[in-house]
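Colleague: Below: one structure in structure tokens.
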2 protein chains.
Amino acid sequence: MTQKQRLLVDSSDDDISDNESRPGNGNLIINLAPEEGDPDGAGNGAMPNNQPVFSLRRRKRGQSQYESLDYDVCENVLWTEEHQKIEQRTTVRKDFARWIISMQIGIGTALVACGINIVIDQMSFLKYSFLKREVDQNVLNGDLSIPYLYWVLTNVVPVMVGATLVAYVEPVAAGSGIPQVKCYLNGVKIPRIVRIKTLAVKAVGVVTSVVGGLAGGKEGPMIHSGAVIAAGLSQGKSTTFRRDLRIFEYFRDDHEKRDFVVGGAAAGVAAAFGAPIGGILFSLEEAASFWNQSLIWRTFFASIISSFTLNIVLSAYHGLSSFRYRGLFNLGEFEPLPFEYYELPIFILMGVFGGMSGAFWNCVNNRINIFRARYIKSRWARVLEAAFVAAIGATGACAMAYSINDCRPLGNDPTLTPVQLFCEDNEYNAAAALWFQTPEATVKALFHDPPGSHKILTLAVFVLIYYPLSCVTYGLSVSLGIFIPTLLVGAAWGRLTASFVVLAFPGSSIFVHPGKYALIGAAAQLGGVVRMTLSLSVILLETTGNIGFVLPIILTLMAAKWCGDYFNEGVYDNQIKASKVPMLPWHVDPSLRQNIAEDIMNQPVVCVRRKEKVNYIIDILKNTTHNGFPVVEDAEDGVRENGKLIGLILRSQLVVILMRSMYIETSRFWRDLVTIQSFRKEYPRYPTIEDLKISEDKTLRNYTVDMRLFMNPSPYSVNLKTSVPRIFQLFRALGLRHLVVVTRENRIRGIITRKDFLPEL
Amino acid sequence: MTQKQRLLVDSSDDDISDNESRPGNGNLIINLAPEEGDPDGAGNGAMPNNQPVFSLRRRKRGQSQYESLDYDVCENVLWTEEHQKIEQRTTVRKDFARWIISMQIGIGTALVACGINIVIDQMSFLKYSFLKREVDQNVLNGDLSIPYLYWVLTNVVPVMVGATLVAYVEPVAAGSGIPQVKCYLNGVKIPRIVRIKTLAVKAVGVVTSVVGGLAGGKEGPMIHSGAVIAAGLSQGKSTTFRRDLRIFEYFRDDHEKRDFVVGGAAAGVAAAFGAPIGGILFSLEEAASFWNQSLIWRTFFASIISSFTLNIVLSAYHGLSSFRYRGLFNLGEFEPLPFEYYELPIFILMGVFGGMSGAFWNCVNNRINIFRARYIKSRWARVLEAAFVAAIGATGACAMAYSINDCRPLGNDPTLTPVQLFCEDNEYNAAAALWFQTPEATVKALFHDPPGSHKILTLAVFVLIYYPLSCVTYGLSVSLGIFIPTLLVGAAWGRLTASFVVLAFPGSSIFVHPGKYALIGAAAQLGGVVRMTLSLSVILLETTGNIGFVLPIILTLMAAKWCGDYFNEGVYDNQIKASKVPMLPWHVDPSLRQNIAEDIMNQPVVCVRRKEKVNYIIDILKNTTHNGFPVVEDAEDGVRENGKLIGLILRSQLVVILMRSMYIETSRFWRDLVTIQSFRKEYPRYPTIEDLKISEDKTLRNYTVDMRLFMNPSPYSVNLKTSVPRIFQLFRALGLRHLVVVTRENRIRGIITRKDFLPEL
């Protein structure tokens, strides 16, 4: 009982609304039944009207502002009625619709990815061509302050546009979106995360961030995009555009929607990395508990279609010369990379180093973000901060290009816009080349440039600048991902390692290809930062296109993960923890392992009777924040809390019942018409009780709601003595939102939600 | 209520043993407490002794002879006691032990795989060298009957050895073992499937089958081997060798064992195909419901270690020249295979054809096996049948080599033992080459031989012989897998397709590389026969080592699966269905979709009271076949079946309780000593009630067992009205064995086991 704070009855609480109808924000008016529909209303006014019958407040409220998804299907009478009416034909059509939607998700995700990619491509090319021209013009008189200013400007302006959009229009579009998608797949409702508006801000935000030269990539946001597209397409309506196509109405519940989002996230990975199998594994690592074969299949299908569409569109864009743009990002075709088995220990050591380096990155990034949350609160400050970081980036780049003299003959390097700077004719500045393109192009260059393309000093300075820069960047109020900067840092120090190995063992230069070490370094750094090993292995394998390299990559990633896990958690998990999302981890918190249901449950439970007065319902809806109310029968002494559990009803259902006046007394007006559609219509943004304008009429307030029609008649329940690990297992395996705790007599004693598994803060 | 046959009280049943102690087969004697430990025994003899108190018989018995695994951990008082005693250090040690075992599983599986591989390699080389010499010697005088006889002999003798072993020693070692492993992962106990003896027979059986030239491979059996090794290593004891190392005792339950078997199966796939990721996905496709991250990790680890060990050992065997034996079977290094996008429709068509061809194969194979089950029952008949098929194979090969004149110049083809036959000097017979090696080597040859290595006629005849041959072979009483023959048939018709494409579009010969078409054909045929698409895609990708080919392979496999599923199920599912294993499918059977718990549950339920007399326990153990008995309290009118559910106790637990005399009256002799170890010691082969020699002493028979100490105090239960799909979901997600159906008052009404989800036969 000491483990958790409990609900306490606190009748002195001051902000309880005394059942007065609220003016102003009520935009829905309860459609009350006409007076003649009230045969026995007047005689039932036993309950005093203006006194709160009930006043509970959840002390824990505020511990987490996130709610769960209702993944568990509420199989109530209305649902059963609908199901019994459904013919074989409809089932087939529904199944078919699922496949069609999966295809659309794949195509949509790929198209958005292509659009973003092409815009970034064009704008970056313009930007760097312009800068190069300026540099070339001004380098002769030795004054590079003008190009420097131009660079700062071309960095700051786009970044400010993006940051303003994110800060003022849709803050949830900040960052990569991967942690949010992970939470959604885990069963947590993150507000506005799958809206079209979020997608729009994200798309523009990513373009501006990458064009603005921030240390970020467009891959993470692609995964988020896929999730939004999936959620949007599967619902056949958009709240942002206020359009309802009236199709796919049967997919309008959390269960179906989440299943499509799984596919969308996978399609996003497929589009970003050309890794359809990696996409499935990515979704799997989060959502493993809720899988079934047809879901795997549809997810796979969406991924394939996404990769395929992207391939076609990008191939067309690049002139149909080849057909090998499997993803936005590919590491380029690697030569079959042979590795010697005595290189494996080096790779494992690199993994260990990557793990430590990643853990340190996470730790610093976490501190910076805590600092941010505390001191950089106002929107304009966040915009300015982003602009400042963008300027810093340009400054670092210029300083490095200016001060390091690393000239290389032209022609060896596939860099698009080689800058001559102070080099001889027919040479280019290798230090400047690292900066004069998108980070993505630089990663590719590090993987594929021939041996000896960079001085050791160049790479070392680059790492020293880019590592802190990427660390400061992630967490800004801009949309960007973390994959590319992390790969970049890793590739740079990987290449550096190759140089050292060659220095240490001069004879080894024949087989120590720096590109191979760059790849291992990139894997190690990425593994150290994000720690998603299985899906990451597959993503990297699919991206490199070289499966013979599977063993070194996996060994490196495992070393990086183990080493990193010794210090802290992955960057996404850090972020999720910091935002107090009640995500169900893979295993129950060790501090709860010895506990039983009694220890973690919330009590007393607010219950409703099978037949309940409107008055009481309004009361509990207004005075509690609970989302689920057990339905009881045979309450001893009339105390609801002692009743026998016969069902569970959700807040959203009660609100709709009130809104549509589905009372026993008025049932002849609606019973034949009401179906599960009436509830589905309001999904996903059910009105709140405050949105309803509630009549003060005593007669109406004494009308009765019969819960049996609406409640879930078989809610999951456990005994008081059930162990917490066992309950946790139930939650994870079934994606539960509420679990009722009962005695051996089936009397309600408490209720458990996913928040109760969070360790004490 | 019409859906299922029910338990019926049938007291006229004739083979109920009247509580008489059984002579003969009882090898355990109940260690009865001395008389002085019986303070109130004499007064309690209210129950008549020689009359069966209870006589139920399950009419459904025999519908399936398989039992479920107890994947659900029984968290009883003893378990809790043990858990509370466990220190932090022990938990860490246990976790560490899991990793060590996973590593051992990887190494063990790889070593067994290497051993089998090397023996097959050596023996095949000897065999085919000998045959080639004979052919070369006899071809001059034109009489090939001697080599033919030798061939038949070298086929028949090994096959007879293998078939005899399988038929007489361990019939469960027949076939590939994949269906059995799938069932085990799904939660069904297949007797003797994970015993060392089975592994031994399987290993010898595979060697003899492949050396004997049967149309089979060693890959499927590798997966089974991995499973056996995992089960053996994780238990630290072997029943076959009667050795108990007294280590890893805490892993001796179905839950832990099954988790290790997941890793073993994955390690088997990794060893067989060099596909560690494919291995995980293979395990996943069956056992997805029960996954958690640490399990994924350990499985991954076992796979990697397995692939790695195999690589080292085989590299050492082949002279350490290279380090690229990732799996027993690899398709050889493919040149980067470019494909043109207008080839994709051809590939999809090939997928469709593969689906049809595979479905037809399955259908015929199924009929053959039904025929077998009906008419070839005796062991010697099965051995003779295998020998006959082996002889047929040799005959077909000889006939083909003799009659087809397909001479090719030497040197182009990597065949190890080219046969000249009637060809000119410096030529070899391409038709004979297909047969003069293991099927595996032939698959490689078909993938890598240069264009034009075979006549169209050669390939067509080969397909026509090998297709029915493989169809007859699978289901024989020998150990072999189905992957290789299926790939071989597919590769042959794939290569044939390439020839036709070149004939149809003469200009296309530049890019239509027959190896590419062989690969697609092989994928199509395999997809059509086994239908495991996701894991198969990854396995094939990892085996070809060419990830650029992912799209064609996936499209082909999906086409094959969809097309094949239109006709029938995959070969493994067919087999599982035929053997009536109560495997939980991915979705509930459509005929049960509208039902509720009441409709499928078994009733009346045999219950025990919290305190129960020995007499009654012996009675129900002898007279029912149930494996789980709900424990009740507060039975109305003293009728147990009306009691309130307070727990669940397993048959195995009751037997151990009787065996160790854990009675209330004798508790001072054992209560301080008894721990969960007493039960674990008997795992997995608990004695049956018939194994116990039970005293007839009335006093002893009136002793009492207190169930509270042993029972699972929080069994899962559902309400009478819960829908079957919801219950099914519970079963799949939690790996349940028993689910109790209760009323709103928590009174027992029925019990559901996984057999109740099987559709009516």
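The values are calculated or read from the model by the stated rules, or taken from the named source; none is laboratory data. The structure displayed is predicted, hence computed values, not measured ones. Heads up, the Cβs are rebuilt from the backbone with ideal geometry, glycines too, and the neighbour counts pull from every protein chain shown. Surface areas here come from the heavy atoms of the whole protein model, side chains and all, with no ligands, DNA or RNA. Shrake-Rupley method; radii C 1.70, N 1.55, O 1.52, S 1.80 Å.
Colleague: Taking the Cα atoms only, what angle lies between the long axis of helix B:614-623 and the longest principal axis of chain B, rounded to 10 degrees?
Modeller: Helix B:614-623 sits roughly 30 degrees off the main axis of chain B.
Colleague: Leaving ligands, DNA and RNA out of it, report the carbon-plus-sulfur percent of the accessible area of region B:585-741 at a 1.4 Å probe.
Modeller: 50
Colleague: With the convex hull built on the Cα atoms of region B:366-412, state its orientation-averaged projected area in nm².
Modeller: So the Cα hull casts an average projection of 5.5 nm².
Colleague: Among B:ILE120, B:THR90, B:TRP151, whose Cα lies farthest out toward the positive end of the dipole of region B:76-161, if unit charges sit on the beta carbon of Lys, Arg (+1) and Asp, Glu (-1)?
Modeller: Value computed over the given set: B:THR90.
Colleague: With heavy atoms of protein chains only and a 1.4 Å probe, what residues of region B:578-595 have at least 30 Å² less accessible area in the full set of chains than alone?
Modeller: Residues meeting the cut-off: B:TRP586, B:HIS587, B:GLN594.
Colleague: Separate question: At 1.4 Å probe size, with every protein chain present, just tell me what the per residue accessible area of chain A comes to in Å².
Modeller: Spelled out: the 1.4 Å probe surface of chain A, per residue, equals 38 Å².
Colleague: Can you give me the convex hull volume of the Cα atoms of region A:489-528, divided per residue and expressed in Å³?
Modeller: Value for region A:489-528: 46 Å³ per residue.
Colleague: To the nearest 10 square angstrom, how much accessible area does B:CYS563 have with a 1.4 angstrom probe?
Modeller: Its heavy atoms expose roughly 20 Å² to the probe.
Colleague: Given the whole protein assembly as supplied and a 1.4 Å probe, what does the accessible area of A:PHE360 come to in Å², nearest 10?
Modeller: Accessible surface of A:PHE360 is approximately 120 Å².
Colleague: Another question, then. How big is the B-A contact in terms of buried accessible area, both chains counted, 1.4 Å probe, rounded to the nearest 100 Å²?
Modeller: Interface area, both chains combined: 6300 Å², rounded to the nearest 100.
Colleague: Further question on the same structure: Count the DSSP beta bridges whose two residues both fall in region A:590-757, then state the antiparallel fraction as a percent rounded to the nearest 5.
Modeller: Roughly 80 percent of the DSSP beta bridges within region A:590-757 come out antiparallel.
Colleague: Restricting everything to alpha-carbon atoms, can you work out Rg to Rh for the protein assembly as shown with a Kirkwood hydrodynamic radius?
Modeller: Working: Rg = 35.1 Å, Rh = 35.5 Å.
Ratio value, two decimals: 0.99.
Colleague: Tell me, what is the percent relative contact order of chain A, built from C-alpha pairs under 8 Å that lie six or more residues apart?
Modeller: Reported as a whole number, the value is 21 percent.
Colleague: Positive end of the dipole of the protein assembly as shown, charges at C-beta (+1 Lys, Arg; -1 Asp, Glu), about the Cα centre: which of A:ILE520, B:CYS363, A:VAL718 has its Cα farthest in that direction?
Modeller: A:VAL718
Colleague: Still on this structure, I have one more. Tilt of helix A:456-473 relative to the longest C-alpha principal axis of chain A, in degrees (0 to 90, nearest 10)?
Modeller: It is inclined by approximately 20 degrees.
Colleague: Go through chain A and flag any cysteine with no other cysteine's C-beta closer than 4.7 Å, please.
Modeller: Singleton cysteines: A:CYS74, A:CYS114, A:CYS183, A:CYS363, A:CYS398, A:CYS471, A:CYS563, A:CYS607.
Colleague: No solvent, one uniform scatterer per C-alpha: report log10 I(q)/I(0) for region A:590-757 via the Debye equation at q = 0.17 1/Å, two decimals.
Modeller: So the normalised log intensities are -1.05.
Colleague: Now, a different point. Under 5 Å between amide hydrogens, which residues at least 5 positions from A:ARG749 or on another chain qualify, with H placed 1.01 Å from N in the peptide plane?
Modeller: Result for A:ARG749 returns A:VAL741, A:VAL742, A:THR743.
Colleague: Shifting gears a bit: Output the relative contact order of region A:603-761, whole-number percent, from Cα pairs under 8 angstrom with separation of 6+ residues.
Modeller: Contact order relative to length: 28 percent.
Colleague: A follow-up question, please. With N denoting the number of residues in region A:616-693, provide Rg(C-alpha) divided by 2.2 N^0.38 Å, to two decimal places.
Modeller: Values: Rg = 13.7 Å, N = 78, 2.2 N^0.38 = 11.5 Å.
Relative to the rule-of-thumb radius for its length, region A:616-693 sits at 1.19.
Colleague: Further, regarding this structure: What's the magnitude of the charge dipole for region B:590-757 around its Cα centre, counting Lys and Arg as +1 and Asp and Glu as -1 at the beta-carbon? Answer in Debye, nearest 20. Please report the intermediate quantities before stating the final value.
Modeller: Details: 28 positive and 19 negative charges, 103 e Å.
Dipole magnitude for region B:590-757 comes out near 500 debye.
Colleague: Using a probe of 1.4 angstrom, how much of the accessible area of region B:68-191 is carbon and sulfur, in percent? Intermediate results must be reported in sequence, preceding the final value.
Modeller: Details: 3600 of 5430 Å².
Heavy-atom surface of region B:68-191 belonging to carbon and sulfur, 1.4 Å probe: 66 percent.
Colleague: Here is a follow-up. Using the Kirkwood formula over every pair of different C-alpha atoms, what hydrodynamic radius in Å results for region A:159-283?
Modeller: Computed over Cα pairs of region A:159-283, the Kirkwood hydrodynamic radius comes out at 14.7 Å.
Colleague: Run the label-point distances for A:GLU81 please: 7 Å along Cα to Cβ, every other copy, nanometres, shortest first.
Modeller: Here the equivalent label points are 5.5 nm apart from this one.
Colleague: Mind ranking A:THR533, B:THR675 by accessible surface for me, highest first, 1.4 Å probe?
Modeller: My answer, sorted largest first, is B:THR675, A:THR533.
Colleague: Among A:TRP380, A:GLY162, B:GLY396, whose Cα projects farthest towards the positive end of the dipole of the protein assembly as shown, with charges put on the beta-carbon of Lys, Arg (+1) and Asp, Glu (-1)?
Modeller: A:TRP380
Colleague: Give me the percent of accessible area attributable to carbon and sulfur for region A:346-392, probe 1.4 angstrom.
Modeller: 74
Colleague: If you line up the Cα atoms of region A:519-667 on their principal axes, what length do they span on each, largest first, in Å?
Modeller: Result, largest extent first: 72, 38, 25 Å.
Colleague: Quick check: the angle from helix B:483-504's long axis to the longest principal axis of chain B, C-alpha only, nearest 10 degrees?
Modeller: Approximately 40 degrees, to the nearest ten.
Colleague: As an exercise, find the ratio Rg/Rh for chain A from alpha-carbon atoms, using the Kirkwood inverse-distance average for Rh.
Modeller: 1.04
Colleague: Only Cα pairs under 8 Å and at least 6 apart count here; give the relative contact order of region A:522-629 as a rounded whole percent.
Modeller: The normalised contact order for region A:522-629 reaches 24 percent.
Colleague: If DNA, RNA and ligands are ignored and the probe is 1.4 Å, what is the ranking of B:HIS513, A:HIS255, A:HIS738 by accessible area, most exposed first?
Modeller: Per-residue accessible area, sorted high to low, gives B:HIS513, A:HIS255, A:HIS738.
Colleague: Still on this structure: Would you work out the charge dipole size for region B:341-579 about its Cα centre, treating the Cβ of every Lys and Arg as +1 and the Cβ of every Asp and Glu as -1, and quote it to the nearest 20 debye?
Modeller: Dipole of region B:341-579, to the nearest 20 debye: 880 debye.
Colleague: Taking the label point 7 Å from Cα in the Cβ direction, how far apart in nm is B:THR743 from each other copy of itself, listed shortest first?
Modeller: Result for B:THR743, in nm, nearest copy first: 1.9.
Colleague: Let me ask you something else. Kindly give the distances from B:PRO687 to its copy-mates, label point to label point, with each label point 7 Å from Cα along Cα→Cβ, as nm values to one decimal ordered shortest first.
Modeller: When each copy's label point is compared with this one, the spacings are 7.1 nm.
Colleague: Further, regarding this structure: Counting just the Cα atoms, what span does region B:341-579 cover along each of its three principal axes? Round to the nearest Å and put the largest first.
Modeller: For region B:341-579, the Cα extents along the three principal axes come out at 53, 43, 29 Å.
Colleague: Now for a separate question. Which links in A:LYS644/A:LYS721; B:LYS189/B:LYS693; A:LYS644/A:LYS698; A:LYS94/A:LYS257; B:LYS257/B:LYS721 stretch past 23 Å when you go from one Cα to the other? Kindly include the intermediate steps, with their values, before the conclusion.
Modeller: Details: A:LYS644/A:LYS721 18 Å; B:LYS189/B:LYS693 27 Å; A:LYS644/A:LYS698 29 Å; A:LYS94/A:LYS257 14 Å; B:LYS257/B:LYS721 35 Å.
From A:LYS644/A:LYS721; B:LYS189/B:LYS693; A:LYS644/A:LYS698; A:LYS94/A:LYS257; B:LYS257/B:LYS721, over 23 Å: B:LYS189/B:LYS693; A:LYS644/A:LYS698; B:LYS257/B:LYS721.
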